[in-house]
1. Under 20 Å Cα to Cα from Lys58, which lysines show up? Leave out anything in the same chain fewer than 8 places away.
2. Only helical DSSP H runs with n ≥ 4 go in: add -39500 (n - 2.57) per run for the chain, normalise by residue count and round the 222 nm mean residue ellipticity to 500 deg cm²/dmol.
3. Looking at the stretch 219-274 from every direction and averaging, what is the projected area of its Cα convex hull in nm²?
4. Residues of the stretch 267-293 with backbone nitrogen within less than 16 Å of a virtual label 7 Å along the Cα-to-Cβ line of Asp197, please, listed as ranges.
5. What's the extension gain from His4 to Asn279 if we count 0.36 nm per residue and subtract their Cα-Cα distance?
6. Cα centroid distance between the stretch 112-138 and the stretch 83-102, in Å?
7. Once phi is turned into θ = phi - 60°, what whole-Hz ³J(HN,Hα) does the Karplus curve with 6.51, -1.76 and 1.60 give for every residue of the stretch 231-243, x standing for Gly and Pro?
8. Checking a compactness column here: for the stretch 91-308, what do you get for Rg(Cα) / (2.2 N^0.38 Å), N being the number of residues?
Amino acid sequence: MKHHKRCMLFILDGWGAREDRHGNAVAQAETPFLDKIQKQYPCSQLLTFGNAVGLPDKIMGNSEVGHLNIGAGRVVHQNLIRIDKAIEDGSFFENKAISRLMEKVKKNRSKLHLMGLVSDGGVHSQLAHLFALLDMARRKQLSQVVVHAILDGRDTPPTNGVKYLSALQSHIQASGFGAIASICGRFYAMDRDKRWDRIEKAFRLYTRGQGVQEIDPIAAINSAYEKKETDEFVNPIVMVKEDGTPRGTVKDGDGILFFNFRADRAREITRAFTDKAFNEFERNPMPDLCGYTCMTLFEEGFSLPIAFEPVYMVNILGEIISSNGLRQLRIAETEKYAHVTYFFNGGREEPFEGEDRCLIPSP
């Protein structure tokens, strides 16, 4: 029987190399084991941002991007760039999945709900993509389009939300098209760790209009800041008309487009709106949608329309190990489980032959 040496790949998420010690927790920490490894064994450094990892120049990397590139062993062009290029060359405005949803909404004379992270962080979403969707809906002469704005505060400074909402409001006013229907922090609408009480709060905001009632979105976010709520944690806010009625709750016959391009934090709210067997909380009312379209593949089991289908890669690390008859074990806490499995395997949910997985629940 042939014996193979065991090999370990440890990923210290967020660990970086920089000589300047000021404000640098990594450089100031006592790390004797890591110091010893660097002295005794050959080592090198990798660029983790911009073109080196398939992102626009000078855009910071993130956990998903890092794991995709490590697992692929090559530069992986990210969905952010794919969508940016589609907007630039005009093909975005002919996208079949998006067009079909808009046509259904137009035929129903119902509302199109654009839901996602209003941010220029480039990690989960990009503000320019939302603007392109609004422009596309206007060109197709939809009568009712509303935005459910999820605020960032993790991949962007904690009070930049007012800047993004102002830009969105300016775009809406300049075109005379669309409206902001709700605002909430990503803490609620973008949970990924089965904290269903948070998702329920967002779901009730979208379907029942349950939240702090405000007329003006900019005044609303400034009011939240005065309460010491930063973007990530802004409690649900429902935008209302002068008569106090919500500007856009989700009703029967409406359509939803979730415009985040990163999958992990879009899954739970998508399940709540689309999974008939969902039982994590009571959905009442449960809108009978004319369609729910995902910007990218959120999960293979969803069977939902996808605007930008995944580009599957071959000869990635996990596949090479498997095809050579070797075994591999992926271990992570809940927070990073998708990263060492789904993202590391290039967006593949199913394990390779000989690939075992161990999930350690996060506290």
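1. Lys85
2. The helix-only estimate for the chain comes to -9500 deg cm²/dmol at 222 nm.
3. Details: hull surface 22.4 nm².
Over all viewing directions, the stretch 219-274 projects a mean Cα-hull area of 5.6 nm².
4. 280-282
5. Value of the extension gain: 94.4 nm.
6. First find each Cα centre; the distance between them is then 12 Å.
7. 3, 4, 10, 4, 5, x, 10, 9, 7, 10, 7, 4, 8
8. Its radius of gyration relative to the 2.2 N^0.38 Å reference: 0.92.
No value in this document is a laboratory result; all are computed from the given coordinates. Keep in mind it's a predicted model, so treat the numbers as computed, not measured. Quick reminder, even Gly has a Cβ in these numbers, built from the backbone with ideal geometry, and neighbours come from all protein chains shown.
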